[in-house]
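Worksheet: the structure to be examined is printed underneath.
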Amino acid sequence: MGSVQTRTASHEATPAPAILAAFEAAKGFMPVDEGLALYAAASEAGRLGLPLLEIGSYCGRSTILLADAARAAGVTALTVDHHRGSEEQQPGWDYHDPQTVDPELGVMDTLPAFRRTLHRAGLEDHVVALVGRSPRVAALWGTPLAFVFVDGGHTDEHATADYEGWAPHLAEGGLLVIHDVFPDPVDEFTGQAPYRVYLRARASGAFTEVSATGSLRVLRRTGPGL
Ligand SMILES: C[S@@+](CC[C@H](N)C(=O)[O-])C[C@H]1O[C@@H](n2cnc3c(N)ncnc32)[C@H](O)[C@@H]1O
């Protein structure tokens, strides 16, 4: 994975040691520097008083940070995941973890681990988990959001659908955060679809870039154009 650049400010919110420890102990794919940037962005967006949304929770690693930022802001963290895993997490692929397979059904099910993660972190009450395919949930959605974190499927089909389905629900001043943005194909490990979505958001004229940390990009909605 290629690290791009990191910009931080001393006034940014940081998670309490117990929350950071829970994040580090949770199964998942986000390194600590990106987690801290995610937390700072979620905390800032929470000041808008609107829900924070995550697409792609897996076993709840990043969700811990969103949930704690939501708790502190007095808002709700919403998560969208079918909990059947992305393409690269299926049996036979590099990111497969056999422990995520339901032994009775023989298919992936990360929902039990996700729930255990949030319960152990004491954050269950701050999260509403929407279990289903992102475009189907988005098609029913009508509430403005302060924060949209895109970390679901990494194919062009899925990443594009996540952007098209959820970015229009961002309130002005809200933050769009995209994970696994790899401008250089040498660095990519699950494809460059998130990078293409990032470029599309930038080209829309509706967003201004706020920060870049590793493969995490934070953009602020500053206008119409979606
Ligand atoms: C890269 S993982 C998320 C990692 C997580 N944010 C973390 O910090 O560990 C991607 C997740 O997106 C989910 N996913 C993929 N495509 C989806 C879709 N179309 N709708 C809902 N969830 C999806 C998968 O089930 C998987 O749990």
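The values are calculated or read from the model by the stated rules, or taken from the named source; none is laboratory data. Remember, it's a predicted structure, so these values are computed and weren't measured experimentally. Counting neighbours? That spans all protein chains shown, and the Cβs are built from the backbone with ideal geometry, glycine included. These accessible areas exclude ligands, DNA and RNA; they are computed on the full protein's heavy atoms, side chains included. Shrake-Rupley method; radii C 1.70, N 1.55, O 1.52, S 1.80 Å.
Numbers at a glance
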| quantity | calculated |
| --- | --- |
| Check: region 76-165 dipole with +1 on Lys, Arg Cβ and -1 on Asp, Glu Cβ, in debye | 380 debye |
| Surface/4 of the Cα convex hull for the chain, nm² | 11.6 nm² |
| Residue-normalised accessible area of region 100-226, given per residue in Å² at a 1.4 Å probe | 45 Å² |
| Directionally averaged shadow of region 109-194, computed from the convex hull of its alpha-carbon atoms, nm² | 7.0 nm² |
| Using θ = phi - 60° and Karplus 6.51 cos²θ - 1.76 cosθ + 1.60, couplings along region 153-160 (whole Hz; Gly, Pro as x) | x, 9, 7, 4, 4, 6, 5, 5 |
| The chain - share of DSSP beta bridges that are antiparallel (%, nearest 5) | 40 percent |
| Pairwise Cα inverse-distance average, inverted: Kirkwood Rh of region 43-84 (Å) | 10.3 Å |
| Carbon and sulfur %, accessible surface of the chain computed with the full protein complex present, 1.4 Å | 52 percent |
| Per residue accessible area in Å² of region 12-87, where ligands, DNA and RNA are left out and the probe is 1.4 Å | 33 Å² |
| Rg/Rh ratio calculated on Cα atoms of region 19-67 (Kirkwood radius) | 0.95 |
| Listed peptides 125-133, 67-75 by packing density, highest first (mean Cβ within 10 Å) | 67-75, 125-133 |
